[in-house]
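Questions regarding the structure given below will be posed in turn.
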Amino acid sequence: MRFMMMVIPKGYETATADAAPSAEAVARMMEYNKSLQKAGVLLGLDGLFPPSTGARISYTDDKATVTDGPFAEAKETIGGYWIIQVRSREEAIEWARRAPMSNNEIIEVRQIQGMGDFPADVQKAAEGFEELRKA
């Protein structure tokens, strides 16, 4: 089972484009990342720039509207993520509990859907998806 663990750091929704964690925080996180790798569960990980550097595209009546960040209505935002492969939701939660997070930070754990999780008609409509995902 694949899971995404998303980091939701308090205050990141209003962080400036040049926001960066401390060297000490990064060193702690690297030890954690190495433990995920050593356990053979890590599939991917990355940090994300703050929302002030992003854009949201919303759709109404087949028209796309672009709004540049920061986003006034955002109460929380994703600062980074890990993708792990484990045997259960409980194991994913246990890995998230071990992360070296600061006060008021959150990790949201969500299972990644596979094509096998969908009905046959959806699977048929998505033929070729797995090849695209691997590209």
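Every number in this text was worked out from the coordinates using simple rules, so none of it is lab data. Keep in mind the model is a prediction, meaning the values are calculated, not measured. As a convention, Cβ positions derive from the backbone with ideal geometry for all residues, glycine included, and neighbour counts pool all protein chains shown.
Check the straight Cα-Cα distances from residue 134 and name the aspartates and glutamates below 20 Å, setting aside those fewer than 8 residues away within the same chain.
46, 117
Taking amide hydrogens as modeled 1.01 Å from N in the peptide plane, which residues meet the under 5 Å criterion relative to residue 69, leaving out close sequence neighbours?
Residues meeting the amide H criterion: 54, 55, 56.
Going 7 Å from the Cα of residue 113 in the Cα-to-Cβ direction, what parts of segment 1-25 have a backbone nitrogen less than 19 Å from that spot?
Flagged as within label range: 1-6.
First check a/c for the chain, with a ≥ b ≥ c the square roots of the eigenvalues of its C-alpha gyration tensor; if it is under 1.5, answer rounded, and if not, answer prolate when a/b is larger than b/c or oblate otherwise.
Taking the square roots of the gyration eigenvalues as a ≥ b ≥ c, the chain is oblate.
Rounded to the nearest 500, what is the 222 nm mean residue ellipticity of the chain from helices alone, with -39500 (n - 2.57) per DSSP H run of 4+ residues and division by all residues?
-8000 deg cm²/dmol
Could you compute the net charge surrounding residue 50? Neighbours are other residues with a C-beta less than 10 Å from the C-beta of residue 50; K and R count +1, D and E count -1.
So the environment of residue 50 carries a net charge of -2.
With the cut-off at 1.5 for a/c, could you classify segment 93-135 from its C-alpha gyration tensor as rounded, prolate or oblate?
Because a/c hits 1.5 or more and a/b exceeds b/c, segment 93-135 counts as prolate.
Work out the FRET efficiency for residue 18 and residue 46 from their Cβ-Cβ distance, taking R0 = 25 Å, and round it to the nearest 0.05.
With a Förster radius of 25 Å, E is 0.90.
Modelling each spin label as a point 7 Å along the Cα-to-Cβ direction, I'd like the residue 39/residue 64 distance in nm, to one decimal.
About 3.8 nm separates the two model spin labels.
Right, next: Mind checking which aspartates and glutamates have their Cα closer than 17 Å to the Cα of residue 10? Skip sequence neighbours fewer than 8 apart in that chain.
18, 73, 76, 105, 108
Return the sequence-ordered ³J(HN,Hα) values of segment 118-132 in whole Hz as given by the Karplus equation 6.51 cos²θ - 1.76 cosθ + 1.60 applied to θ = phi - 60°, using x for Gly and Pro.
Those phi angles translate into 10, x, 4, 5, 5, 4, 5, 5, 9, 3, x, 4, 4, 5, 5 Hz.
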